[in-house]
Amino acid sequence: MIGIDGATWEVLLPLMRAGVMPTLAKLVDEGISTTLASTIPPDTATAWTSFQTGMNPGKHGVFDFHQYKRGEYYPSFVNSERIGTETIWDILSRNKKKIILVNIPVTYPPQPINGCMVTGLLTPSIKSNFTYPDRLAREILDIEKDYTIITTQESFRNTSLDNFIEELIRTETKRTNVMRHLLGRYDWDVAMIHFQSTDPLQHAVFWYLDEKNPEYSPQNYQALQKFYSSIDRNISALLDQIPRSALKIVLSDHGFESVRKTIYINNILITEGLLSLKKQGFFRQKLFALFRALRKIQGRFFKQMFSFPRSIALVAKTTLVDWTRTKAFVLTGWLYGFIYLNLKGREKGGIVAEGRTYEELRESIAKNLSSIRDPETTNRVFRKIYKREEIYEGPHLKNAPDLIAVPEQGYECSQSFIETSDDIFKKNILGKDHTGTHNQDGICIFSGKDLDASGKLAQAAIIDIGPSLLYYCDCAIPPGMDGRVLRDIFSPEFRESHPLLYEDKEKAPKPADEQDIFSDEDKKKIEKRLKDLGYMD
């Protein structure tokens, strides 16, 4: 299995037709492919956790890179111990299947599996315990002594496009070398690698990939082809090392599209009188003005000198908000708007009564957000406002935002504030902000001898991949999984000899450990990474 973060047919199909990605093109030609529906939100942490569990976020508990702990007005980072259910890796291990995993998001800290694991995105550094078993770390560093977890778009901001591309290529080449070593050294039944670098590349320079964008140029597009060609070569190298008859699955966690503006929902709530700020004394005003000014400075020296264990944005929220007069707020979520109500009995300073008052306030906020228009275009900026129970179900529903605001194409949301409370929109700037953002339309490719040669797959969702993999591996599927088995893609002969099996009883939800496992130093590293990715302000 090969994960390509943020891969979208909009980008890949032209590259395949141009001969830039012949390996991927061959997999598509010989196999079955479709668009893969992501999660709500189509966020990396949420979507890959849904893939690993076959469940909606209400069952596994991961809604974002941050987990909001009710009553604290402060979120913490998610980790593998906060996944509130079994993963497909647990189930495969229980069924004696041997596994190799490299760089799957939300696998840190590494959990015991029947095989080996190199953890992914939220791993603080290679000085952390980033492998299972522990001794594997030395083996990995012997192969690639400067193994890189992720290269963010900060590299683009600080250097040039060509240097950024080269750094991304080096990152994924090292990852491929590690995976090839593991495939050759250890026995395996299921192996998966995740290429992360497509995501930061497309966040940074999606405008260069979009012919309709004024920033597009043939020169820049040609430069980017070098990166996609390297990913294709990596895939080819991996395929050369596995049996031709093996089932190959290529998938992405979400798609991508151009983004022009950021919406600051907290500022909307301020203007609506639903979020109140404390009056600031002279010293506090000057202090936060200084912090904001320092954050705007692009030089590495100032960024290193003024790096804090907790983000200024989150500190600002927890210290500047007057919770005794606040009815609604946003503390997590960067892509869609995650709106929490300051509910009595749930939040320590809650002022919104449960029942009718709560429901009426949700309706009012949803109505107001739905009516907001971009003054520049006069178009609405939100496609849909969901109540949490409309899209999630399960034991972790209680931790979901009360409302989820889905922006229209061309917009993304921020959990932060901007300079003045009446500013709702900010135009995104190339080299500073996202030029591309996530959407629902990922990719999926199946290729292998056990597929139906005439088979087609009209639609699939990321939660379907886990149960389909379990079916292929002759493992019984837990009844609590939300995804369906994509059984029709397999040949009649395979289906006849491989009955669909289900476990008799649904397992009780795994207790999610809400303890913050990260040290202050680890938080600092992860926070910087998420900021550099544009996932925190």
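Of note:
- Any chance I104 is out of contact with any Leu (no Cβ under 7 Å at 6 or more places or on another chain) and at pLDDT 95 or above: yes
- Residue in the stretch 273-282 that is in contact with a helix residue (DSSP H, G or I) (Cβ under 9 Å, 6 or more places away or on another chain) and more than 27 Å from K427 (Cα to Cα) present: yes
- Inclusion of L183 among residues that are closer than 26 Å to E527 by Cβ and of a type outside the set (S, T, Y) is not warranted.
- One residue alone among E376, E393, E389 is outside any loop (DSSP other than H, G, I, E, B) and either closer than 23 Å to S76 by Cβ or not assigned by TED's automatic domain parsing to the domain that holds I40 (or both), and that residue is E389.
- Helices (runs of 4 or more DSSP H) lying entirely in the stretch 1-94 (those with 2 or more residues that are more than 27 Å from L183 (Cβ to Cβ) and touching a Ser or Thr at 6+ places or on another chain (Cβ under 6 Å)): 57-60
- Among the candidates K212, K226, residue that is at pLDDT below 95 and either over 25 Å from V381 (Cβ atoms) or assigned by TED's automatic domain parsing to the domain that holds D450 (or both): K212
- So E408, is it crowded, with 21+ Cβ neighbours inside 10 Å, charged (D, E, K, R) and either under 24 Å from Y386 (Cβ atoms) or without any contact (Cβ under 8 Å) to a residue 40 or more places away in the chain (or both): no
- Selection over the stretch 146-160 of residues that are over 23 Å from N177 (Cβ atoms), surrounded by fewer than 18 Cβ atoms within 10 Å (Cβ to Cβ) and not basic (K, R) gives a count of 3.
- Test for I463: is it within 23 Å of T44 (Cβ to Cβ), in contact with a Phe, Trp or Tyr (Cβ under 9 Å, 6 or more places away or on another chain) and assigned by TED's automatic domain parsing to the domain that holds V205: yes
- Screening the stretch 95-117 for residues that are part of a strand (DSSP E or B) and within 14 Å of the chain's Cα centre (by Cα) and picking the one that is nearest to P467 (Cα to Cα) gives I104.
- Residue within the stretch 491-506 that is touching a Ser or Thr at 6+ places or on another chain (Cβ under 9 Å) and either of a type outside the set (S, T, N, Q) or free of Cβ contacts under 8 Å to residues at least 60 places away in the same chain (or both) present: no
- Listing of strands (runs of 3 or more DSSP E) fully contained in the stretch 419-490 that carry 2 or more residues being polar (S, T, N, Q): 436-439
- Selection of helices (runs of 4 or more DSSP H) fully inside the stretch 149-243 by the criterion of at least 3 residues being under 22 Å from P42 (Cα atoms) and of a type outside the set (S, T, N, Q) returns 198-205.
- Conditions (1) in contact (Cβ under 8 Å) with a residue 40 or more places away in the chain; (2) buried (at least 21 other Cβ atoms within 10 Å of the Cβ): number failed by N342: (1)
The values are calculated or read from the model by the stated rules, or taken from the named source; none is laboratory data. This is a predicted model, so every value here is computed, not measured. No Cβ is skipped: glycine too gets one built from the backbone with ideal geometry, and neighbour counts run over all protein chains shown.
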